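The block underneath contains the structure these notes are about, expressed in structure tokens.
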Amino acid sequence: MPDYTYVVSPDFVPTVVPAGYIWDETAFQELVKATEKATTAEETIYTYGGAQGGTAVVYENAATLTISNKKYDSEETVATTVTGTTSTITNSGTITVKGALASGAISGGGTIQISAPGAVSSTDPIAVTADISSSVINLDVALADLAENSYQFVSGTIGENVTFQVNGTDYEEGVMIDGTDYVLNTKGGTGLWMSMSVKTQGDLNGDGRADIVMTIDQSSHSANGATGAWLIQQDQTAVWDNLSQRNQGWEIFGKGFTTASKTTADVYLKNTDNIVGAWTTDVNGAVNGWVTVETFDSNTQVLGLGDFNGDGQTDLLLRNINGAVGCHLTDGTGWQYFASLGDEWQISAIGDLNGDGRDDLVLKHDAGFAAGWLTQDDCSIVMSDLDLIPDGFSIVGLGDFNGDGTDDVLLQSGSYYGAWLVQNGNVAGWMGLGDIESGTVEEIADFNGDGVDDLRIRTEAGELGAQLVTGADMLEWQSYGSVGEEWKTCLATL
């Protein structure tokens, strides 16, 4: 087959056809027929077609084939489609897609390289529409263009034998790329998305908003142990989600991530035998499995959940009856000793006090002051002074109330709430939040997806909602609905 660079355009005719290019309708029809054969030349199909776009047909490729949406003699681009009709494209070489490729299926052991010529758009990404099997998919993209959004590169079914690369490097779950954790997600084998690993604490379905887990906790109730969740929607309504049945002797312990690559939170439980496990969730917020995390002896108290080594996977905070405090790293490392605490110290909260991606601890001393334990790369801790706790105030928990990526310390005095704003492990200022006349703060998380944590409330009447933090001294009540007294909604420990 001739070594041509093909220009495909129904409504644009160049004034000069460069050497090596073909340009007439008859020749183009011959091209379509010729591409049914395996090729060995390095070829480019330019699908620029002016305002109408252009269409080319590819059936088989054994060479290096580039499908571009650029005009052959400039950087000008147009949305176009290259199709393989409903037939299978057999690819044993490399197809580089710089436009859009639509096919019934793509098989063969070749590489599909998806290259973005400029900034990637979440609404108009570089995309392949096909069922893909037995191939390598290489995303050749500027990672900075991804920002904190999710982009779909492939629409279709992804086979089990497909492997992934990012900029020519084999993709591994939980491995940093250029210092940032990116996630490839096939969402049940259909489609291929790529996004930064942005985890929202307590978010069961990965939509960037925390959800509310609840369980019936009355031994006399006919449905005792039934567990579900309200999935919080973009319009701030709540949609019911059945989770699973909590067995006798088990209690819900909190929400976290059983693997580093997950952006859907799993539900952690522990039982009276000191076994910790988790219901794993999918992108719909449904339970799709069970993972046993670890079994501990009776001398070990499991205090809470946190990511203490910054790998994106939830670890367990432990305290021994001898006062030793440390964590169980779930990456296979196991027990890591922090330090020992006397009875005069209480662990009040878990969160990231310095923005390094590792969770730290807030401690309260009987003398009325608070300190932080800042976790280090080697799992040692550095103590930081926070502040004296004002008279009449108590520590409620940690949350990021100003959106700077560092958790702040929530304090309460009666119905009034405010926060120590924390930077680099130290108190840098004060932010008043406001009065909450009715109800108890049961959870601190981001319920509207604005990057600022809110206060999830349950009132005495059983109404569940959130005081959305919209600024200093600005709380906005959002009701999600009411539940009966049989439903337990305050589930996490720290």
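Here are the numbers for this structure:
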quantity	calculated
Theoretical FRET efficiency, 1/(1+(r/R0)^6), r = Cβ-Cβ of T333 and E460, R0 30 Å, to 0.05	0.10
Per-selection Rg to Rh, segment 356-494 - Cα, Kirkwood hydrodynamic radius	0.98
Compactness of segment 221-359, expressed as Rg and Dmax over alpha-carbon positions, Å	16.3, 49
Loop-located trypsin sites (Lys or Arg not before Pro) in segment 236-285, at most 13 other Cβ atoms within 10 Å (DSSP)	none
Ratio of Rg to Rh over segment 418-494 (Cα coordinates, Kirkwood Rh, two decimals)	1.01
Surface accessible to a 1.4 Å probe, per residue, for the residues of segment 193-313, Å²	40
Inverse of mean 1/r across different Cα pairs in segment 302-399, Kirkwood, Å	13.7
Relative packing of peptides 280-291, 411-422 - highest average C-beta neighbours within 10 Å first	411-422, 280-291
Estimated FRET transfer efficiency when R0 is 41 angstrom, pair S298-S479 (beta carbons, to 0.05)	0.45
Debye intensity ratio in log₁₀ form over the Cα atoms of segment 374-414, taken at each q of 0.16, 0.26, 0.34 Å⁻¹	-0.58, -1.00, -1.07
Segment 353-394: mean projected area of Cα convex hull, nm²	3.3
Inter-part distance where segment 265-320 and segment 420-494 are each reduced to a Cα centre, Å	24
Relative packing of peptides 347-354, 476-483 - highest average C-beta neighbours within 10 Å first	347-354, 476-483
Length gained when the stretch D435-C490 is fully extended (0.36 nm per residue, less Cα-Cα span)	17.7 nm
Inter-label distance, nm, simple model (7 Å from Cα along the C-beta direction), I275/A367	4.5
Surrounding net charge for Q346, when Lys and Arg each add one and Asp and Glu each subtract one, Cβ distance under 13 Å	-1
Ellipsoid equivalent to segment 219-263 - semi-axes via the Cα gyration tensor, in Å	24, 18, 7
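The values are calculated or read from the model by the stated rules, or taken from the named source; none is laboratory data. Computed from a predicted structure; not experimentally measured. Here Cβ is always computed from backbone atoms with ideal geometry, including for glycine, and neighbour counts include all displayed protein chains. Surface areas here come from the heavy atoms of the whole protein model, side chains and all, with no ligands, DNA or RNA. Shrake-Rupley method; radii C 1.70, N 1.55, O 1.52, S 1.80 Å.
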